[in-house]
Structures are given as structure tokens and as C-alpha cells.
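Structure first, commentary second.
The values are calculated or read from the model by the stated rules, or taken from the named source; none is laboratory data. From a predicted model like this one, the values you see are computed outputs, not experimental measurements. Cβ: placed from backbone, ideal geometry, glycine included. Neighbour counts: every protein chain shown. SASA here: full protein model, heavy atoms, side chains in, ligands and nucleic acids out. Shrake-Rupley method; radii C 1.70, N 1.55, O 1.52, S 1.80 Å.
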Amino acid sequence: MVAVTNRVVAVTAVRPTNDTAELWRNLRERPGGPRPTPPALGSVMETEVCVLAGLSDAPPRTLHNAPLVKSSPLSPTIRAMLEAREFGRRFDTVPLDTESVRDRLPGLRSGSGDVQFLAADHSLEDLSLSVEGLLQHRKRLLAPTLNPNLSRRHVLVIGAGPAGFMAAIELSLRNHHVVVCEQREVYSRNRYIGVYKEVTHLMAALGMPERMTYDFSQYRGKRGIMLADIQTLLHGIALKLGVLIYTGAVAKSLELEALRAGQVELQRAPQPGSSTPGSIGLTRWQHDSVSRVSSGVVIRFDTVIEASGGRSGLREVLVGKENVVPLHDIGLAAVREDPTLDSFFDDPEDHSAEYVDSDYGCPPGLRPKFAQALKAGQTRQIPAAIPCFVSNIDAGVFTKHMHQADGSLGLASRVGDRQLSIPHDWVVLECRLADQSLSRYHIEGPLPQTFEFGGKRVPTPAMLDKLNPVAFLVRILYAMGVPFDAVDRRQLIDFYNAESSYGDASDIVSTWIGRFRGLRLPGADRPIWYGHVPGSDRIEYAIIGEALQNAWYRFGVGVDDAFTGAAYLAECLDLQLDERLERASRLERVMQSRAVQILYHLYAVARNEDQGVVGAVLTEYQMEERHAEDLAEARLREIARDGAEMQAAAHDLRAGGSDSLLEAALGYLRDAQAGRAMQLLESFPYSTEVLAKSRRSATAEDQEWRSRTFVLLEPVLAPHHQALLAPLFDEKSQSSPGTDRRLWQERLLDLASGRYRWVTPWLRACALNALDSADAKAGVALATAAEDRNAFIAEVAERKLQASGRGATARFSMFDKVLTLKQVPIFRAIPHQMLVDVASLLTERRALPNERIIEKGEIGDALFVIAAGRVRVHDGERTLREMSHGEAFGELSLLDAEPRSASVSAVHPSLLLRLAQSDFYALMKEQPAITRAVNRVLCQLIRTA
Ligand SMILES: Cc1cc2nc3c(=O)[nH]c(=O)nc-3n(C[C@H](O)[C@H](O)[C@H](O)COP(=O)(O)OP(=O)(O)OC[C@H]3O[C@@H](n4cnc5c(N)ncnc54)[C@H](O)[C@@H]3O)c2cc1C
């Protein structure tokens, strides 16, 4: 029995139900919800089928800009589709077309002709049957096949991929109780996959509109779907069937002992960047977000289904290490059984048979050679693993359009007017959604097994570990001939940041180092993928999906096989034991065929000598003369050049004595440039340990951090990088302060005129402020700057020109505001340049003597800084203190609206700068660095208190 004993932290009590009448009641009783009229007798509702009529006003779905749902794997679109619109207004108007449903439900039945979507491309108006209706209908169809003598099972499914979900759906349609445990909190949105039409067909039947699929017809399948959308849709359907889904959760122990006991404890899956145990997510039907359940939920089961994908470790536990074998072993057994291998390629029942005659199947003429290589165990000809690269990129990342070659398998041929050089075993495809709302490039291809690096051959995985995914991708694009100016690197990084939901590189770029393994299938005296947990006659297991056999997706082996395994499993479990075993063995024959197909594909890839494009580029990367071509290298050079200029400026400026504003502004820029350089260093194959250590040593609060970090970095940096970065990082490498006043004046003028490209408005303002206006050259520079298009610069120059005679009534410039703000304790950790943004929010308020500025007891919503004049803080007539220029009151009101504890009135005519809480909050939202700086000060204050 599945008993969920848990400590629930916050779960909304909504009982999962499949009873449409009850759902109907819930809907009517929902406060504020729509109150449709009840369905008429004999209507579709009567036959327990609802109609999706309201979908036509669904917002257009553009996958690349759909918000990422961080809290729930269930995307809002699907949620809306499953929860609200389904119970739309026209329950009783569309007749049920039972025939159109019959063949479209799980498992995979190949319909004749093309896939017909229930939803039309654009309007979605004819999406006539609801998922609920289909499921109820399916249940009725299945009912007669259920064995009444077998008790309903309590099933634990490990892994919410296509295999796990389809098994959960199939089993709960058969009235088994199912719990799914998934380690991820959010499904990765990296994988667009080309699928056989049966998969699209099934998704369409389950309510996925065509617009969520894209045209992949030039390559393998009819259409493509994002894997996360398949998971999300199935997630929603499983929820509707009452399946309990725990996300962000893993079983504490999946050892034999726990499995035999039929009991596991779930705990929070380790999250990137966090080592603390915490809550896990529970989603149930009608919960529109993930409820949090504390770790420690105990799940009891009598059947465990291993569906955790190609990296599964559970399969070894269930069948023994010795039975998890390279696909070669399975292929070898197949050759022994059928030396021509014909029977493994020509199964008319197999839905992939249509591809046998295409490029993806093994041509009959080649079979003897392939069989020979397999028999001889020639691993050079049929490697056990192929490192591979796969990624999807938003088309917006490219500044130029990629043109597709005519008649190719969707291969891109040129970018803008530049010809690409993509080997034929690489694929670059543009994926478009039916409504054109999404356009992405899908790029994939095999990589060489090793690279020459630093004169040595390095295995590819070791090389890949050292490169960050984006840098790696840029190299691949470069190797394909994409010019660098055709890639907007900033957009690329933003795109990947937005897409990566798990902080896991595999979310972003999959460098798939296949170890093609599967379960030893033929010749076993019992089915291996299904049986009793070793040592138990009570608990049963099944292994499905990629956990059963690594799929070689380039061959089109993938989601369809995951579904097939799930369908087999569901049928098996309702059979008597002997029939069950017989049926289970039939799946093994399918798996054996697949293993042979996969091996053939490896054979085909290995025979292609021109194996991928990245080898050359990673090798050249070592060669100095090509460095300039490399984007990361080029950027590092730019930064280093700026750093050297900054160092020279700092040196010369010291000749004029210290100007703390100028020094701070320049120091800030050097810190920021050094930070960028450190990020770029991650693109090079330097020790990740040293880079991490130097990252830890970098805290901008510490003046010495650059020199200290350089001491750590220097020993591992290549000599040219040492030389490049020394001026930026290493204070020690600077010569003593300059003494030449003439150089000082020139440098100041350079900065004041903004001559260097790294000079920010704030630094320029500081330089203008430091100029001696009596000097002729400085006068010209100030007059020019007073005309500057940047209002801030113009104002600073003007202020300097009219420097004398400023009183309380004189105009208070932005520059003065920044300097005044910097004196307020709460802002002291915010760098000047950021304070310019805060200063722009200030409004001026003038107060005459005895004028009340704030009243005790009123709710404070602003901070005041005294720019000029004098005020007194008082409680009634009693003066508590007096304040003047640079002091502030109401600091806490800026962060938290509370009644004022005292009144404040002007003593002399005063100029006050007011900062409203709402404006400051909006700014903090936009610029988290400001929030961090304020928090730092608050923490220090608390510590001191
Ligand atoms: C880069 C790439 C491209 C592909 N392209 C295609 C294609 O074009 N067409 C195609 O049909 N197929 C393709 N495939 C293959 C297809 O994605 C897989 O065959 C399919 O996803 C397998 O489904 P599954 O449910 O067995 O495993 P998965 O999809 O891998 O799902 C397993 C799930 O289990 C979870 N999990 C793992 N360990 C645990 C644990 N200990 N506890 C809880 N949860 C766990 C994982 O987070 C994951 O969600 C591709 C695969 C890759 C890697």
C-alpha cells in the first residue's frame, strides 16, 4: 500500500478527483469563478466529456519568451489549459466524436496518414475534446481488460521523464495508485527533439496544440517538440488522474534493503549552490503551485519503476552490475542469432521501419560488413561512446540570418553572405513553431574522441570540463564558419541565463558523451527489465525508458521507445504471471533490435573520418597567432588594454596630490574590469580549482583584492596572460607615483574630455570637478563640457564655471547631490556612480524657519537629507537635537513605513533633498547591487548595535 506519512508544511487541501460531476460542483462553488449553466441531459457532459471551447482566446504562446516558472514544473499555459479553460462555457454544444478518440490514446498506435491535430494551427477553435474527456473515455475502454482478480498496485515511479510519466498515466488509468519522484524542480528547456509521428499524434490526442510543435520535417521526424513541454503536459495529465508528484526530491536510499522493504524516504535533491536540506515539492491536481513538503516523506510501495534515464544507477542495483553491459554485447548476441542481421532491421511492426531505407537505416549491402565488425569486436569501427554536442539557440542571438541549403537535411549553408563549412554529419536546423512565434537553431554533431592540446592528446571529456558552455558554443560556431559579428554574445549569454533553470550545464548545452549501455537481454531465463526485486517475493520492479537502454537519438531512438516501454509495462501488470513474462520477453526483442540499430549508427559515425568541427579549433586555440580571432581572447586583450590605460592614469594623477573622488572612481572601474577579466578567464582551460579560489579571494571591499588575487592566478596563467593582466591586477607592478605636474594636468584633461572609451560619466564629472578653472586649457575643456549632450556632464561643468557665491538658495547640482548622499550612513557602501541613479530620484524641498517638515506620528514614506541650512528634531517643545548640512533623517522610513517618532522643523532657511520610499524600492528592484550595498550597511549597523 502507498502510505504517505509526511510532515506537511503547507499543502492546500484539495482532494484530487476524477469525478467530473464533483469537478463541476467545485467549479460552481468556487468563489468568484464563472457560473456556467449546468449541462443538458444527453449532452457531452453527460458522457463525461468536457469541451475546450475557450482556448481560442488563449494568449499566443511564444516559447522563447514564455516566463520560466521557477516554482513549478507546470507551465502556466498548460496549467491554464488543464485547469480553467477546460471547464469553459460551451460544455454541451460540441458532440463527442468517439471514433476520433479511439485510436489516439496511449499506447502508441500508428494512425494512418498524417498527424491530425485536434487543435488547428491558428485559431484553436476546433480543439473539441478535453483531456478529461479523453481520459474518462480511455478508462472505460480499458475497464474490460483489467483483471479483477489482481489487486490494485501501489507504484513508486523514479523519474519524471517521458517514460516515467507515461507509465504513471497508464497505470493510474488502470486504477493503480501512483507516486512519482523527480529530482528536478523545473524541467530543462534545452531539448527540442524531433519525434516520430506517433509521438506527435499522442501528444495531439492528449491536448497539445499544434502551435507547441515546430516543423522538423526536413530532418528525421515529421515535427519537433520541446522535451520539457512533453513532460509538462504529461505532468498535468498525471495530476488530473490523481498521481502524486514529488519534485526536487530523491529517494534517500535506493539500496536493495530499502527496495525489499517496499519503503523509501524522500529528501530534497541536492540543489546547485546549496548544501542545506530543505523542503521538497508536492504537486497535485488543482494546486497551481508546488506545495512545500518537508524532507522525510515516506513512500510505501509494492512496485517500483525505474525510469530515471540514461544515467541511472538503480538498474545496477536491480539486475546486478554484471547485467548492465555495453551495447556491443547485445549486438554480438544478435549476430549469433541472425548472422545477416536482417531480422533486426526489417520488423514491419516496428514504427521506425520506415526509416530503414533512409540514411538512418543500415543498407542491406552494408550489413555483412557491419556484422563482421560487430563480430570481430572492432571498437575502432564501432566505438562504445561518441562525444557529441547539442544545443538550441534563439534565432535572436544571430545578427544575420542563417540560410538553409536546398535539398539538404535542413543543413544551414551560409550566414548572411558568408559560406559555412559544416561537415555533413553536423546538423544546424532552424526550428519554427507553426505560428512562426518561435525560431531557434538546433545545432548538433559528434566531436572527436580526443583533442591535441598543449602538444598532448587529451580525451574530449577532460577538455569539455574546462570550457564553459557558452564559450564552447562560440568556438563551435566559429569553427563552422559563423563570423563573430554574426553572434550577439550578450544576447547569447542572456538567452542561456534565462533558459538554464537548474544551473546545470546540461540544461544549456548538452555535451553528450554516450556510453552506450543496456541490459543483457537475450538468453536470460527470465525477463530482465521486469521481475521481483532480488530477495523479495513481494516487491516487483520494472525498468523502462533510457534506464533500460541508452537511446541514440540521432537515430530517432528516443521518446517513442520510452513510451513503448511504458505501454508494455502497463499491459503486463494486468496479466497473469505467465502471460506477463511472455509479454515482457517481447519487449526484449524490440530492445535488441534497437541495440543493433544504435550500433549501426555508431559504425556510420565512426566511418566518417571528418568527425566534427571542433577539433581543429580547440587545437588552434593553443596557437598564439590565432588568439586574436578568438572572442574571449580578443575581449581579454581589450580589457587588458583598458587596464593598462587606467593604471597609467592612476599613476600620473598621483602627481597632483590625492583627489579622493577621482581615486575612488578610477579604483571602482579597475575593480569592475578586473572582475570581467576573471569571468573571461573561465573560458580558458585553466584549473577550475584555482579560478574558484581566486573568485573567493575577490571582495571589492578590500582594497588589496586585485593584487592578492593576482598572486593566486599568476603561477597558472600562460605567460602572455600574465603580461596582459599584470597592470590591471597587480598594484605592485606599478612604478612609484608620478611627479610630473604637466602629465597630471594632461591626464586630467584627457579624463575630463572623456577621451578614453572606459571613462564613465561619473569619472568624467570627477575630473571636471578637479580641474583648475583658472587654467586656460581647463577653461576650454569646461566650456566644451558645459555644452555636452549628457545633462549631468553639462551641469557639472556649468557648476564649476560658476563655482563662487553658492548659498542655500543656489542651484544644487546632481554632483552635489551625489556627494551629499554619500555622507548618509545608509548609502555609504554604494559606489558614487550608482548614487547618480539614486540622486536622480531626489526632489528638492525648501523650508523657512519654524516650518514643520515632518510631524510626529505620521507614517513616514521618505528620507530627507539636509543640503543646506539647519533643522531641529523635537517632541513638542522639547528639542532632542539639531542637524545640519550632510545629515539625514527618516532613514528607516526609506525601508519600512512606520509612524515618525519625533517632529522635525527648520531652524534656518533650509534646502532638503527628499527621497521617496516607492521610488527607492523601484530602483532597488532594477539594481540589486544597490540593495546589496544597503543590506551590507544595515548588517554592520545591527552587528555594532
Ligand atoms: C541531447 C539529447 C537529444 C535528444 N534528441 C532526441 C530526439 O531528437 N528525439 C527523440 O525521440 N529522443 C531524443 N533524445 C532522447 C530522449 O530525450 C530520451 O530517450 C528520453 O527523454 C528518455 O526518456 P526517459 O523518461 O527514459 O528518461 P529522461 O528523459 O532522461 O528522464 C529521466 C528523469 O529522471 C530524473 N531522475 C534521474 N535520476 C533521478 C533520481 N535519482 N531520482 C529522481 N529522479 C531522477 C531526471 O531528472 C529526468 O527528469 C535526446 C536525448 C538527448 C540527451
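Taking the protein heavy atoms of region 789-945 in the context of the full set of protein chains, the accessible area attributed to carbon and sulfur is 51 percent at 1.4 Å. Charge dipole (Cα centre; +1 on Lys/Arg Cβ, -1 on Asp/Glu Cβ; no other charges) of region 812-874 amounts to roughly 260 debye. For the set K321/K375; K252/K693; K240/K925; K139/K321; K800/K822, the pairs lying more than 27 angstrom apart at their alpha carbons are K252/K693; K240/K925; K139/K321. Here the Karplus curve 6.51 cos²θ - 1.76 cosθ + 1.60, taken at θ = phi - 60°, turns the phi angles of region 311-322 into couplings of 9, 3, x, 6, 4, 4, 5, 6, 10, x, 4, 5 Hz, with x standing for Gly and Pro. Taking the charge dipole of region 782-872 about its Cα centre, with +1 at Lys and Arg Cβ atoms and -1 at Asp and Glu Cβ atoms, the residue from A868, F812, L842 reaching farthest to the positive side is A868.
Sorted by average packing, counted as other Cβ atoms within 10 angstrom per residue and highest first, what order do 312-325, 636-649, 561-574 take? List each step's numbers first, then the result.
Values: 312-325: 16.9, 636-649: 19.2, 561-574: 24.0.
Averaged packing, sorted descending, gives the order 561-574, 636-649, 312-325.
Using the Karplus curve 6.51 cos²θ - 1.76 cosθ + 1.60 with θ = phi - 60°, what ³J(HN,Hα) values do you get for each residue of region 583-594, in whole Hz, with x for Gly and Pro? After applying 6.51 cos²θ - 1.76 cosθ + 1.60, I find 5, 4, 5, 5, 5, 5, 5, 4, 5, 5, 4, 4 Hz. Database remark: amide H of I854 closer than 5 angstrom to the amide H of V904 (H placed geometrically; neighbours at sequence offset of 5 or more, or on other chains; Pro and chain starts carry no H). Peptides 761-770, 862-871 ranked from most to least packed by the mean count of surrounding Cβ atoms within 10 Å: 761-770, 862-871. Remark on T450: its backbone amide H falls under 5 Å from those of T460, a criterion applied only to residues 5 or more positions apart or on other chains, H modelled at 1.01 Å from N. Give me the net charge for the shell around D561: Cβ to Cβ below 9 angstrom, other residues only, Lys and Arg +1, Asp and Glu -1. Local net charge: -1.
What the phi angles of region 297-306 give under the Karplus curve with 6.51, -1.76 and 1.60, with θ = phi - 60°, is a coupling list of 5, 10, 10, 10, 8, 10, 9, 10, 10, 8 Hz, glycine and proline written as x.
About the Cα centre, and with charges only on the beta carbon of Lys, Arg (+1) and Asp, Glu (-1), how big is the dipole of region 781-926? Nearest 20 debye, please.
420
When each of the peptides 246-256, 782-792 is scored by how many other beta carbons lie within 10 Å of its residues on average, the order from highest to lowest is 246-256, 782-792.
Given their separation in residues at 0.36 nm each and the Cα-Cα distance between them, R695 and R607 gain 27.3 nm when the chain is fully extended. Electrostatic bookkeeping for K321 treats Lys and Arg as +1 and Asp and Glu as -1; over the other residues with beta carbon under 12 Å from its beta carbon, the sum is +1.
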